[in-house]
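S.K.: Got a structure here, written out as structure tokens. Questions coming.
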């Protein structure tokens, strides 16, 4: 890929990462990375609602970036997005596409809203996508030596360890390799072992925490959250959402072209299979969100490049790909122009003011908040029970109180804080695509409010413990001898109703 092309794409992705409005989805990923950087571990010490690789791998970034951890994580994801596009281009070239066709398909991929959203925030989408795309580049080799097979296994396992939905493309390639010995499936499996051992180790830290974060919560939480909107969980809504997200970019016409070609030749190529596996991974959770479709896109656009090389699409299809690519840019432009949304720059400015307020009132933390992504800018840590941001706090029925204590989470109906606990509210609202009712519920547990001028935030300190009442006078005076009973002891006190 041309260096100037890469540089232009890097500038675009980095600019979008810095300008994209704050999204409350970022909360748990920033919090998990910061807590891990300070020696806590997912599942054992705090709830993490994903597979565990990203916070452990990104912890050094938090240590180096300090108060700039949040933008540093965004920039990391932007660069991982750049790597993902570059590997899609390289995989297409290695598999036989011409430079122009590979560059065109990589550019179409780069303009999809699915990718632009996923790499523009501090979420956990960019890392597994880059791992998958790098694996595609290795898979595209005509023959696999030992190192290549080991690296493919390592990369596919790493993608799965960063986000569990990538297990589907990984499994699809594993099955494909088993049927083709030249792919060295046993060496692929051996390459996956180090990452599998790491994940197994995190499971041993807290089996219940791992199962809750990776299986129970994603399976049960949507039904509770959308109980008043059951239509959102319907198959019809899933179909509409999936088509909508694919149509915001060239993914929809690309998928139609690849499927038509597979039907025509009556067999699926390896990249077709991986793209289909990514689609299955996206369709299993309810509801379907745009970032869920990212595992499908790298193999899809490699497959499109190979199809284009073998049989160039008709002029009408090429026009459709271009039109849909332009549509893919529209949600990003709309997000940048949407009134009332909070920018990253504004959030960091408010973080500096908040830090000064915390310093002035000698508040050291950890701090209870549904917006832990702001805390690195203040030099404070979040309360580990709120590492999941608003996403567990809004739950009411998923766990009982004993399970919440065991798994280090707090639901809105069971808040118990020690006296003097700092509580920070104000960032969970429409400006961050959040729910202000959750912040209001948290604020209700606070006591004395400390204003944070020039920001959205309000800081509370929970009331101190009530002092013990002074002893009653009759309990502090000696009992006269004439009032004693036959045993010489004071008579019993009167009944409570007397």
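S.K.: Search the stretch 175-185 for residues being surrounded by fewer than 18 Cβ atoms within 10 Å (Cβ to Cβ) and modelled with pLDDT of 90 or more, and hand back the single one that is nearest to residue 270 (Cα to Cα).
M.R.: Going through the qualifying residues, I end up with 175.
S.K.: Would you check which residues across the stretch 128-141 are touching a residue at least 60 places away in the same chain (Cβ under 8 Å) and surrounded by 24 or more Cβ atoms within 10 Å (Cβ to Cβ) and list them?
M.R.: Those that are touching a residue at least 60 places away in the same chain (Cβ under 8 Å) and surrounded by 24 or more Cβ atoms within 10 Å (Cβ to Cβ): 128, 129, 132, 133, 136, 139.
S.K.: Which one of these is within 16 Å of residue 129 (Cβ to Cβ), surrounded by fewer than 24 Cβ atoms within 10 Å (Cβ to Cβ) and under 19 Å from the mean Cα position of the chain (by Cα): 115, 73, 79?
M.R.: 79
S.K.: Right, next: Given the conditions (1) on the phi > 0 side of the Ramachandran plot; (2) crowded, with 24+ Cβ neighbours inside 10 Å, and given that residue 43 satisfies all but one, which numbered condition is not satisfied?
M.R.: Looking at each condition in turn, residue 43 falls short on (2).
S.K.: Which residue out of 191, 208, 213 is touching a strand residue (DSSP E or B) at 6+ places or on another chain (Cβ under 8 Å) and touching a residue at least 12 places away in the same chain (Cβ under 8 Å)?
M.R.: 213
S.K.: Taking the residues in the stretch 334-347 that are in a helix (DSSP H, G or I) and within 14 Å of residue 426 (Cα to Cα) as candidates, determine which candidate is nearest to the chain's Cα centre (by Cα).
M.R.: Here the answer is 347.
S.K.: Within 27 Å of residue 390 (Cα to Cα), under 21 Å from the mean Cα position of the chain (by Cα) and surrounded by fewer than 20 Cβ atoms within 10 Å (Cβ to Cβ), is that true of residue 222?
M.R.: Criteria met by residue 222.
S.K.: Return yes when residue 256 is part of a helix (DSSP H, G or I) and within 29 Å of residue 223 (Cα to Cα) and no when it is not.
M.R.: Judged against the criteria, residue 256 is not a match.
Condition check ((1) over 29 Å from residue 304 (Cβ atoms); (2) buried (at least 21 other Cβ atoms within 10 Å of the Cβ); (3) modelled with pLDDT of 95 or more; (4) in the same structural domain as residue 80 (by TED's automatic domain parsing)) across all residues:
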{"residue": "143", "(1), (2), (3), (4)": "no, no, no, yes"}
{"residue": "155", "(1), (2), (3), (4)": "no, yes, yes, yes"}
{"residue": "167", "(1), (2), (3), (4)": "no, no, yes, yes"}
{"residue": "213", "(1), (2), (3), (4)": "yes, yes, yes, yes"}
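S.K.: With respect to residue 86, determine if the residue is in contact (Cβ under 8 Å) with a residue 40 or more places away in the chain, more than 30 Å from residue 337 (Cα to Cα) and part of a helix (DSSP H, G or I).
M.R.: no
S.K.: Oh, and also: Can you say whether residue 396 is outside the structural domain of residue 55 (by TED's automatic domain parsing), surrounded by fewer than 19 Cβ atoms within 10 Å (Cβ to Cβ) and in contact (Cβ under 8 Å) with a residue 12 or more places away in the chain, as far as the supplied structure shows?
M.R.: In short, yes.
S.K.: Within 30 Å of residue 138 (Cβ to Cβ), in the same structural domain as residue 245 (by TED's automatic domain parsing) and either at pLDDT below 95 or in contact with a helix residue (DSSP H, G or I) (Cβ under 8 Å, 6 or more places away or on another chain) (or both): is that true of residue 320 in this structure?
M.R.: no
The values are calculated or read from the model by the stated rules, or taken from the named source; none is laboratory data. Nothing here was measured: the structure is a model prediction, and the numbers come from that model. Positions of Cβ are backbone-derived with ideal geometry, glycine not excepted, and every protein chain shown enters the neighbour counts.
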